[in-house]
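Below is one structure, written out as structure tokens, with a few remarks after it.
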Amino acid sequence: MTQKLIDLTLTFADGKRGVSFDRELTLAEDGFNTTTLHIYSHALTHMDSPKHFLEDGYTMEQMNLEKCMGMAEVIDLSHKAPDSLILVEDVISHAERIHEGTRLLLRTDWDSHADIEDYRNQFPRISPELAEWLVERGISLLGVETPSVASLAQENYEELRDVHRTLLSADVVIIESLCNLRLLPEQVTFIAFPLKLEDCDGSPVRAVALVSEEENK
């Protein structure tokens, strides 16, 4: 059966938030091109390590890569309004698909806002109660199309901290700022590997899904 690869990664371009490129050498002047990359550890499509919010959390080079590749469940939450909380009741009808070891991808279509001002301050996000419920179900990975699993507003810092700590303390891999989940069926092979960065709290990833051509018709 033929499989199609679907890119789930936002493009890292010079000038994007947290990204800048310095051209060092050029083909015309030096015989080859080289570039120095400056990338914030949580820019665009990225993975969090537990150190992001846990004092004694492990770092990117220690991530369990087996969790970063395998079958994933895609749940359509594109009906959620901007700046809303994603609740347990929003996913409870899919409970039989969410269990020990599940890799869970939550589709909100918020990637369509990636170049709009509201991308970082109006996105639907995981409620603290849902984070706890997902941990109780034993998921291994959570991927979202939003820049964070929780609100980035300064007045909601406790929510940001608590949702991340709940997930990271349970060793749930968090991947944020995915895209193109609308192109996926309910179950896919998901792959997203981080850079092997020593003592770092986050890393860019190249996230992709493998979908059989027959399933994607």
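Laboratory data are not the source of any read-out in this text; all were calculated from the coordinates shown. This is a predicted model, so every value here is computed, not measured. Quick reminder, even Gly has a Cβ in these numbers, built from the backbone with ideal geometry, and neighbours come from all protein chains shown.
Working from Cα pairs under 8 Å separated by at least six residues, relative contact order for segment 50-123 is 35 percent.
Considering only beta bridges that DSSP places wholly inside segment 140-217, some 65 percent are antiparallel. In straight-distance terms, cross-link reach from K4 covers every one of the lysines whose alpha-carbon lies under 18 Å from its own, apart from those fewer than eight places away in the same chain; here that gives K217.
Once the C-beta distance of A13 and C200 is scaled by a Förster radius of 22 Å, the resulting FRET efficiency is 0.50 to the nearest 0.05.
Scaled to the globular estimate 2.2 N^0.38 Å, the Cα spread of segment 62-166, given as radius of gyration, is 1.05.
Spatially, segment 144-168 and segment 2-53 are offset by 24 Å when compared through their Cα centroids. The angle between the Cα long axis of helix 157-169 and the longest principal axis of the Cα atoms of the chain comes to about 90 degrees, rounded to the nearest 10. With distances taken between every two different alpha-carbon atoms, segment 152-217 has a Kirkwood hydrodynamic radius of 14.6 Å.
Mean-square fluctuations from a GNM of the chain, with a 10 angstrom spring cutoff on Cα atoms, peak among A114, A81, A207 at A81. With a Förster radius of 25 Å applied to the C-beta separation of M71 and S20, the computed FRET efficiency comes to 0.10.
Normalised Debye scattering of the chain at q = 0.12 Å⁻¹ gives log10 I(q)/I(0) of -0.62, counting only Cα atoms as equal scatterers and leaving out solvent. Taking each DSSP H run with n ≥ 4 as -39500 (n - 2.57) and averaging over every residue of the chain yields -4000 deg cm²/dmol at 222 nm. Hey, with R₀ at 35 Å, roughly what FRET efficiency would R182 and E29 work out to, going by the Cβ-Cβ distance, to 0.05? Using R0 = 35 Å, I get an efficiency of 0.20.
Rounded to the nearest 5, the antiparallel percentage of DSSP beta bridges internal to the chain is 65%. Comparing L167, L197, L141 in a Gaussian network model of the chain, where Cα atoms under 10 Å apart are tied by springs, the biggest mean-square fluctuation is seen for L197.
Across segment 32-169, C-alpha contacts under 8 Å between residues 6 or more apart give a mean separation that, scaled by the residue count, equals a relative contact order of 26 percent. Considering only alpha-carbon pairs that sit under 8 angstrom and 6 or more positions apart, the relative contact order computed for segment 11-92 is 17 percent. To test your reading of the geometry: what angle, between 0 and 90 degrees and rounded to tens, separates the Cα axis of helix 128-137 from the longest principal axis of the chain? So the inclination is approximately 80 degrees.
Segment E129..E55, full-extension length gain: 24.4 nm, with 0.36 nm per residue of separation and the alpha-carbon distance subtracted.
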